[in-house]
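**Student:** Quick one: the structure is below, and I'll ask about it shortly.
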Amino acid sequence: MQNNPRYPSEAFLTMDANIFPTAELKEHYNWLKANQHDGFVKGQCGELTYVPDKEGNVSLVWQPDLKNKLTPCGFKMKKHENTTGCIQIWEHPKTVGGNEVPYGLYIAGTDPYDQDQATNTTSLGSTFIYKTFHTKEGIYEWPVAEYTARPDKATDHHEIVRKLLLYYNARDLYENERNSIKMHFDHKGSLYLLAKT
């Protein structure tokens, strides 16, 4: 890199007795700085939407937020702040064979809510997708996606959680004290996505 630098900083790299990959570390550090949101590393923000193909089959497709219109919710939101939120993904699901996500590779945990409007609280619904075991590439035993938000309607929240579970082929360990998420999944024929008590 010093002999063929693309940037002036690469020409002045220190090469003496350093066992660490300095250039790669600098690149990753710059990536971390560019992707921070409220002090945390922001994942790739976007939406999951159903898209029909030429044969009329519908599939769930990730559409990244290329125009930076979506903002993830932070920790301790205030009542006047926008709590619509968005999905954040750090690692997309790994597939095998015919483009299928292996069963059991991902699990989810959800803290839902029931009421559409919260008057005295800034409580948010929150779902994390967790990768359970090692695959050839990527991270494991680590969260790979998050959806923390409180859209205007609880059913909108529950539907985004359902799409996220379908995308990762994950089973959800949800707080079953709240019944509206179970009713929503039952209405959509998706009770199998919710873990048994």
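**Student:** Please enumerate, by chain and number, the lysines with C-alpha under 23 Å from the C-alpha of K54, excluding those fewer than 8 residues away in the same chain.
**Tutor:** Of all the lysines, those that pass the test against K54 - Cα under 23 Å, at least 8 places apart if same chain - are K163.
**Student:** Setting aside same-chain residues fewer than 8 positions from K33, which aspartates and glutamates have a Cα under 17 Å from its Cα?
**Tutor:** By straight Cα distance, K33 reaches E24.
**Student:** Return the FRET efficiency for the residue pair E177, Q63: r is the Cβ-Cβ distance, R0 is 41 Å, and the value is rounded to the nearest 0.05.
**Tutor:** That gives a FRET efficiency of 0.80.
**Student:** Take the cross-link list K67/K196; K78/K188; K26/K131 and give me the ones stretching past 30 Å between alpha-carbons.
**Tutor:** Flagged as over cut-off: K67/K196; K78/K188.
**Student:** State whether the range 59-99 is rounded, prolate or oblate according to the following rule on the C-alpha gyration tensor (a ≥ b ≥ c being the square roots of its eigenvalues): a/c under 1.5 gives rounded; otherwise a/b larger than b/c gives prolate, and the remaining case gives oblate.
**Tutor:** Cα axes put the range 59-99 in the prolate bin.
**Student:** Now, a different point. Could you rank the peptides 149-155, 104-110 by their average count of other C-beta atoms within 10 Å per residue, with the highest value first?
**Tutor:** 104-110, 149-155
**Student:** Can you pull the percent of the range 71-195's accessible area that's carbon plus sulfur, 1.4 Å probe, other chains left in place?
**Tutor:** Exposed carbon and sulfur together represent 50 percent of the surface.
**Student:** Between the range 149-190 and the range 64-123, what is the separation of their alpha carbon centroids in Å?
**Tutor:** 11
The values are calculated or read from the model by the stated rules, or taken from the named source; none is laboratory data. Just so you know, these numbers come straight off a predicted model, no measurement behind them. Positions of Cβ are generated from backbone atoms using ideal geometry, with glycine treated the same way; all protein chains shown enter the neighbour counts. Just the protein is used for accessible areas: all its heavy atoms, side chains included, with ligands, DNA and RNA removed. Shrake-Rupley method; radii C 1.70, N 1.55, O 1.52, S 1.80 Å.
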